[in-house]
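Chemist: Have a look at the structure that comes next, please.
Please treat every number below as a calculation from the coordinates, not as lab data. The structure displayed is predicted, hence computed values, not measured ones. Note that we place each Cβ from the backbone using ideal geometry, even for glycine, and neighbour counts take in every protein chain shown.
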Amino acid sequence: MTRTNNESIQFKFPEDFWWGSSASATQTEGAADLDGKGKNIWDHWFEIEANRFFDGVGPQNTSQFYYKYKEDIQLMKEIGHNSFRLSISWSRLFPEGKGEMNEKAVEFYNNVIDALIAAEIEPFVNLYHFDMPMALQETGGWNNRETVDAYEKYAETCFSLFGDRVKKWFTHNEPIVPVEGGYLYDFHYPNEVNFQKAVQVAYHTILSSAKAIKIYKTMKLDGKIGIILNLTPSYPRSQHPADLKASVLCDAFFNRSFLDPSVKGTFPTELVDILKEEGYMPVIEDGDLTIIKENTVDLLGVNYYQPRRVKAKDSFPNPDGPFMPDRYFDNYIMPGRKMNVYRGWEIYEKGVYDILTNLKDNYGNIECFISENGMGVEGEERFRNEDGMIEDDYRIDFISEHLKWVHKALIEGSNVKGYHLWTFMDNWSWSNAYKNRYGFVSVNLEKDNERTVKKSGYWFKDVAANNGF
């Protein structure tokens with residue numbers, strides 16, 4: 001490890017800060033149909049509509065973490081990780097989503113957890129990352145209340161199997177995304193456009209999270225349990241009252257819908273009022289709201305990539321079109337914004353500070369960490385030097401500019417405990433497959449998924465060693 005003279009470190013973080021990265025099962029493991037793993041919705045969707053995936057690349061093999069986890073964990077150690085977030089594949093552990101457990105999966109996850117701990121990297125384990133078992137999707141997925149029961153059993157099993165060693169648990173990653181993708185905007189299976197189902201799916205997801213937290217607390221395990229939310233500040237175009245109202249309502253749909261029940265145990269009144277007025281309230285059973293109220297998170301993961309900019313609507317929505325959240329706002333493209341042209345996303349580093357400040361001021365300064373932040377770039381091979389290393393200075397700039405704002409929030413009293421990049425190594429990114437690369441480590445799909453540390457990986461090693469830069 002490279003130690004720098006402390007006087008040259010401008011942005012100093014606490015000694016126990018969590019430095020690492022995040023990944024998910026479907027995007028990295030591969031072995032999608034081996035060793036007893038059941039199908040999930042991604043395996044199924046690729047089978048029936050391979051053309052919807054970039055270059056026709058599906059989730060069967062992805063980045064081979066299933067076989068190469070020992071090598072990968074050594075690389076994590078080499079580039080300074082003290083923590084790493086992974087997810088468990090529900091359909092690997094329970095091929096049908098419930099019922100019989102797959103012992104091969106237990107063996108694999110035990111091996112991964114033990115290898116991380118042996119390398120002095122703390123495992124942060126997430127239970128659900130967009131990967132509904134296909135057998136459960138066939139009976140309605142999150143729209144079906146029985147899926148909540150199956151998830152509860154799955155969570156309890158994971159806590160029993162791994163809770164002696166895993167001390168940081170997360171119920172869901174970005175739970176708004178399957179709602180948007182699967183039931184509003186057609187970018188996840190089952191590709192429905194149905195606002196009523198979207199609301200029910202969101203509600204059942206929140207309920208499942210609270211029920212898992214309740215089980216975890218009942219089991220008296222000595223760790224913490226939380227949720228990971230992609231929080232995207234809704235910036236109004238102007239201070240005009242109509243623009244301000246648009247941003248408040250957009251925020252209620254896309255941020256507070258999960259943030260408020262997860263941290264406060266209640267739902268935003270603005271959102272509830274709209275659902276009642278438009279006739280889209282979910283089916284709520286007796287006792288549900290008490291469970292949600294009494295089982296809030298200990299720890300919040302914050303995923304931040306881009307801001308959301310909104311304005312008052314320019315025109316009335318089509319009265320015959322499907323109901324959508326943007327009935328209450330229009331998206332706004334700010335002139336002069338800084339862009340990641342490959343992903344089509346705005347880069348706005350101050351957004352991470354605004355999120356952390358909001359959590360400090362309005363959410364009891366809950367313990368949190370940046371659980372994802374990153375930059376996907378297409379065609380990174382062109383930045384490979386003669387020694388074979390990808391010189392991704394743009395990624396170093398991206399991370400450091402975000403970390404400066406995290407540091408500002410920290411010194412102003414934010415309870416932020418760490419920073420995890422998305423992601424450790426280049427991975428399969430849902431329908432984008434391998435189009436954009438995000439990792440500290442490049443994966444060469446042509447050469448047996450060969451791993452090579454990028455310039456950003458070595459830079460991060462120094463940051464972690466010095467707790468700053």
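Chemist: Just need the Rg to Rh number for segment 169-257, please, alpha carbons only, Kirkwood Rh.
Modeler: Rounded to two decimals, Rg over Rh is 1.08.
Chemist: Considering only DSSP beta bridges with both partners in the chain, what is the antiparallel share in %, to the nearest 5?
Modeler: Around 25 percent antiparallel, to the nearest 5.
Chemist: Further question: State which entries of 39/447; 167/417; 167/461; 168/417; 408/454 exceed 18 angstrom in Cα-Cα distance in the structure shown.
Modeler: 39/447; 167/461; 408/454, as the Cα separations exceed 18 Å there.
Chemist: Here's another thing I want to ask about it. With just the Cα atoms of segment 220-314, tell me how far they stretch along each of the three principal axes, in Å, largest first.
Modeler: Per principal axis, max minus min of the Cα coordinates gives 52, 33, 15 Å.
Chemist: Please provide three numbers in whole Å: the alpha-carbon extents of segment 275-318 along the principal axes, with the largest listed first.
Modeler: 41, 32, 12
Chemist: Report, to two decimal places, the Cα Rg of segment 349-469 normalised by 2.2 N^0.38 Å (N = number of residues).
Modeler: Scaled against compact globular proteins, the figure is 1.18.
Chemist: Quick one: Debye curve from the C-alpha atoms of segment 36-174, no solvent, what's log10 I(q)/I(0) at q = 0.09, 0.11, 0.21 Å⁻¹?
Modeler: Values returned for q = 0.09, 0.11, 0.21 Å⁻¹ are -0.29, -0.43, -1.34.
Chemist: Going by the alpha-carbon gyration tensor, a ≥ b ≥ c the square roots of its eigenvalues, is segment 2-97 rounded (a/c under 1.5) or, if a/c is not under 1.5, prolate (a/b greater than b/c) versus oblate?
Modeler: Because a/c hits 1.5 or more and a/b exceeds b/c, segment 2-97 counts as prolate.
Chemist: Quick check on packing: order 346-356, 159-169 by the mean number of other C-beta atoms within 10 Å, highest mean leading.
Modeler: Going by the mean number of other Cβ atoms within 10 Å, highest first, we get 346-356, 159-169.
Chemist: Quick one: if you stick a label point 7 Å off each Cα along the C-beta vector at residue 465 and residue 34, how many nm between them?
Modeler: 3.5
Chemist: Ok, one more. Using a Förster distance of 41 Å, how high is the FRET efficiency between residue 404 and residue 51, based on the Cβ-Cβ distance and rounded to 0.05?
Modeler: About 0.45, to the nearest 0.05.
Chemist: Quick check on segment 187-344: of the DSSP beta bridges with both residues there, what percent are antiparallel, nearest 5%?
Modeler: 20
Chemist: Still on this model: Report the paramagnetic label zone for residue 193: residues of segment 305-322 whose backbone N is under 13 Å from a point 7 Å from Cα along the Cα-to-Cβ axis.
Modeler: Taking a point 7 Å out along Cα→Cβ of residue 193, the residues of segment 305-322 whose backbone N falls under 13 Å are 318-322.
Chemist: Can you give the extra length, in nm with one decimal, that the chain gains between residue 313 and residue 384 once fully stretched, where that is 0.36 nm per residue apart less the Cα-Cα distance?
Modeler: Here the segment from residue 313 to residue 384 would lengthen by 21.0 nm.
Chemist: Still on this model: If you take every DSSP beta bridge whose two residues both sit in segment 338-469, what share of them, in percent to the nearest 5, is antiparallel?
Modeler: Just about 75 percent of them are antiparallel.
Chemist: Applying a 10 Å radius around every beta-carbon, put 26-38, 46-58 in order of their mean neighbour count, most first.
Modeler: Taking the mean over residues of other Cβ atoms within 10 Å, the ranking is 26-38, 46-58.
Chemist: Using per-residue counts of other Cβ atoms within 10 Å, averaged over each peptide, order 440-446, 274-280, 252-258 from highest down.
Modeler: Listed from highest to lowest mean packing, they are 252-258, 440-446, 274-280.
Chemist: Under the rule of at least 5 residues apart or a separate chain, name every residue whose amide H is placed under 5 Å from the amide H of residue 417.
Modeler: Residues meeting the amide H criterion: 368, 369, 370.
Chemist: For segment 212-273, treating each Cα as an identical point scatterer without solvent, what Debye log10 I(q)/I(0) comes out at q = 0.15, 0.16, 0.24, 0.25 1/Å?
Modeler: Result of the Debye calculation: -0.57, -0.62, -0.99, -1.03.
Chemist: Calculate I(q)/I(0) for segment 260-382 by the Debye formula, one identical point scatterer on each C-alpha and no solvent, and give its log10 at q = 0.14 Å⁻¹ to two decimals.
Modeler: Relative scattering, expressed as log10 I(q)/I(0), comes to -0.94.
Chemist: Hey, could you grab the Kirkwood Rh for the chain? Inverse mean 1/r over distinct alpha carbon pairs, Å, one decimal.
Modeler: 22.7
Chemist: Here's another thing I want to ask about it. Which chymotrypsin sites (Phe, Trp or Tyr not before Pro) in segment 187-226 pass both tests, a DSSP loop state and at most 16 other beta-carbon atoms within 10 Å?
Modeler: Those satisfying the criteria are 187.
Chemist: In deg cm²/dmol, rounded to 500, what helix-only [θ] at 222 nm does the chain give when every DSSP H run of at least 4 residues adds -39500 (n - 2.57) and the total is split over its residues?
Modeler: Calculated from helices alone, the mean residue ellipticity at 222 nm is -11500 deg cm²/dmol.
Chemist: How much length is gained if the chain between residue 9 and residue 111 is pulled fully straight, taking 0.36 nm per residue apart and subtracting their Cα-Cα distance, in nm to one decimal?
Modeler: 33.0 nm
Chemist: What is the sum of charges, Lys and Arg at +1 and Asp and Glu at -1, for the other residues whose Cβ falls under 11 Å from the Cβ of residue 203?
Modeler: Value of the local net charge: 0.
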